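Accompanying notes for the structure given below.
The values are calculated or read from the model by the stated rules, or taken from the named source; none is laboratory data. This one's a predicted model, so the numbers in the text were calculated from it and none came from an experiment. We place every Cβ from the backbone using ideal geometry, glycine too, and count neighbours over all the protein chains shown.
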Amino acid sequence: MAAKSVDQKQINDFLKEGILLFNRHNVADSLEKFGKVLDMDPINPEANYYLGLAYTRRGDFKRAVVHLKSIVDMNINFLFTQQCRMLLGYIYFTTGDYERAENEFLKVKEKNLNIIQVYAALSSIYYHLDDKDQALEYAQRAYDEDPYNLNAKNTYAFLLCDYGIDVKRGLEMIKEVVRIKPDNAAYIDTLGWAYYKKGDIRSSVDCIRRALDLSDNNEEVKAHYNAVLGKSVSY
């Protein structure tokens, strides 16, 4: 019994140290601490969760999925499980596995949790799957849930412009968002894309070039920039 108590204390100590290191952005050392926890307790949910987070932050998505799925499979805590599904959905979306991403977010939606975030994620997934109706429906749902949520407003404004449904309204919406968050690359990119859809190529190039600088040459922003440059020969 005494040995078991000491082991549990060691586990708790390693967990605390690992979480502290992770929060300080010391991913490498945090991985070592969480690994020690799993050596002693292979199904420890907290260690698996933080290993999933750490590997995600590092961009090692395959290892992240292994640890996050282990928690989902254990299903020992409702909120913990749904949070892991959200992370899995993000990973699958990031890696282009949109069907699996859709599956994870729909399962979270069934539980009515993080509903605005889930709606926005599903909208982005359906956009990449070329499902215009679903993309627009979930973007509008997210916006209707909370018109003051900047991410929801950005997503809805982008689709209004990208699909050519109401470019004027979309442009005004994203201008309001950028006024609140003037250094957010994603919002500035949407503003640039809205200008592009309006036909204001000069303003579009200025915005998306700034978004590129702020996002360290994000691939999606780069694609928008290249599309706009094709229309800006006289810029």
Only one of Asp183, Asp206 is in contact (Cβ under 8 Å) with a residue 24 or more places away in the chain and among the acidic types (Asp, Glu), namely Asp183
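If you go through segment 155-183 one residue at a time, how many are assigned to a helix (DSSP H, G or I) and either outside the structural domain of Cys207 (by TED's automatic domain parsing) or surrounded by fewer than 17 Cβ atoms within 10 Å (Cβ to Cβ) (or both)? Don't jump to the end; show me each part of the working.
At the first step, the residues of segment 155-183 found to be assigned to a helix (DSSP H, G or I) are 155-162, 167-180.
So of that shortlist, the ones also either outside the structural domain of Cys207 (by TED's automatic domain parsing) or surrounded by fewer than 17 Cβ atoms within 10 Å (Cβ to Cβ) (or both) come out as 168-169, 172, 175-176, 179-180.
Going through segment 155-183 one residue at a time, the tally reaches 7.
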Among the listed residues Ile19, Ile71, Ile76, Ile11, which satisfies the condition of being of a type outside the set (S, T, N, Q), more than 29 Å from Asn218 (Cβ to Cβ) and not in a helix (DSSP H, G or I)? Ile76
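Among the candidates Lys111, Lys107, Lys62, which residue alone is assigned by TED's automatic domain parsing to the domain that holds Gly18, more than 22 Å from Leu159 (Cα to Cα) and charged (D, E, K, R)?
Every option except Lys62 fails the conditions.
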Kindly provide the set of residues from segment 138-169 that are in contact (Cβ under 8 Å) with a residue 12 or more places away in the chain and of a type in the set (Phe, Trp, Tyr), ordered by number. Tyr138, Tyr143, Tyr156, Phe158, Tyr163
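Of Tyr90, Tyr126, which residue is surrounded by 15 or more Cβ atoms within 10 Å (Cβ to Cβ), over 22 Å from His67 (Cβ atoms) and not charged (D, E, K, R)? Write out each step before concluding.
Values: Tyr90 fails: over 22 Å from His67 (Cβ atoms).
Step by step, each of Tyr90, Tyr126 is checked, and only Tyr126 is surrounded by 15 or more Cβ atoms within 10 Å (Cβ to Cβ), over 22 Å from His67 (Cβ atoms) and not charged (D, E, K, R).
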